[in-house]
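Structure first, then comments.
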Amino acid sequence: MRNAHAEAFLTRARAATGPALSVFDGSVPSKPPPKPPYVVVYFRFVTPDGERAPQLVNLEDTTLPVEMYAYVHAVGVTAQAAREVADRVFGQVMGWTPEITDRICGPVRHDDSQPPERDESTALGTVFDAVDVYRLQTLPA
């Protein structure tokens, strides 16, 4: 189930308008390292409980809702380029409602963002990394 959620998000992000955008799941290939711009996405999954999100928990049901958080790292050669990549992903996933087998999906929401940070540790030299956090809530069908 987790992979179905992640794959839906990754597929949608890869379809962003404009030039082809490399979108990686959790790691960036090292040989050869990709040239910016590109995106790296990390996923976190949470099952809400009765205290945190009582409106999502049906105490009669043994199958629980899921919240998926996608931590999207938009990488560019400048801070402006990183923001532009972040905007492309935002335009593609924000408000989109995925279709996942055996799940009722809500729309993707934007939860948080961080300004671009300079990273000089890459094999290709200095890049800038802007992070956005998106949230998707799904229920059993």
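In region 128-141, what residues are of a type outside the set (D, E, K, R), in contact with a helix residue (DSSP H, G or I) (Cβ under 8 Å, 6 or more places away or on another chain) and crowded, with 16+ Cβ neighbours inside 10 Å? Spell out the reasoning first.
Step one: of region 128-141, the residues of a type outside the set (D, E, K, R) are 128, 130-131, 133-134, 136-141.
Right, trim to in contact with a helix residue (DSSP H, G or I) (Cβ under 8 Å, 6 or more places away or on another chain) and you get 128, 130, 134, 136-139.
Correct list: F128, A130, Y134, L136, Q137, T138.
Just the residues that are over 17 Å from R2 (Cα atoms) and without any contact (Cβ under 8 Å) to a residue 24 or more places away in the chain, please, taken from region 28-46.
Within region 28-46, V28, P29, K31, P32, P34 meet the criteria.
Looking at (1) modelled with pLDDT of 95 or more; (2) assigned to a loop (DSSP other than H, G, I, E, B), which is the one condition that is false for N58?
Unmet condition: (1).
If we only count strands (runs of 3 or more DSSP E) wholly inside region 79-141, which ones have 1 or more residues that are under 22 Å from A20 (Cβ atoms), modelled with pLDDT of 95 or more and under 11 Å from the mean Cα position of the chain (by Cα)? Lay out the reasoning, then the answer.
Values: elements: 103-105, 109-122, 125-140.
Ranges flagged: 125-140.
Search region 77-94 for residues that are more than 24 Å from A123 (Cα to Cα) and pair each with any residue that is assigned to a helix (DSSP H, G or I) when their beta-carbon atoms are under 8 Å apart and the residues are at least 6 apart or on different chains.
What qualifies is V89/A13; Q92/R12; Q92/A13; V93/F9; V93/R12; V93/A13.
What are the residue pairs meeting all of these: first residue in region 117-139, first residue of a type in the set (G, A, S), second residue in a strand (DSSP E or B) and at pLDDT 90 or above, Cβ atoms under 6 Å, and 6 or more apart or on different chains?
Matching pairs, first to second residue: A130/A74; A130/P116.
If we keep just the residues of region 9-22 that are assigned to a helix (DSSP H, G or I) and touching a strand residue (DSSP E or B) at 6+ places or on another chain (Cβ under 8 Å), which is surrounded by the fewest Cβ atoms within 10 Å (Cβ to Cβ)?
Taking region 9-22 as the starting set, the residues that turn out to be assigned to a helix (DSSP H, G or I) are 9-14.
Retained after the next criterion (residues that are touching a strand residue (DSSP E or B) at 6+ places or on another chain (Cβ under 8 Å)): 9-10, 13-14.
Working: F9: 26, L10: 18, A13: 21, R14: 15.
The residue in question is R14.
The values are calculated or read from the model by the stated rules, or taken from the named source; none is laboratory data. All values reported here derive from a predicted model rather than from experimental measurement. All Cβ positions, even for glycine, are placed from backbone atoms using ideal geometry, and neighbour counts span all protein chains on display.
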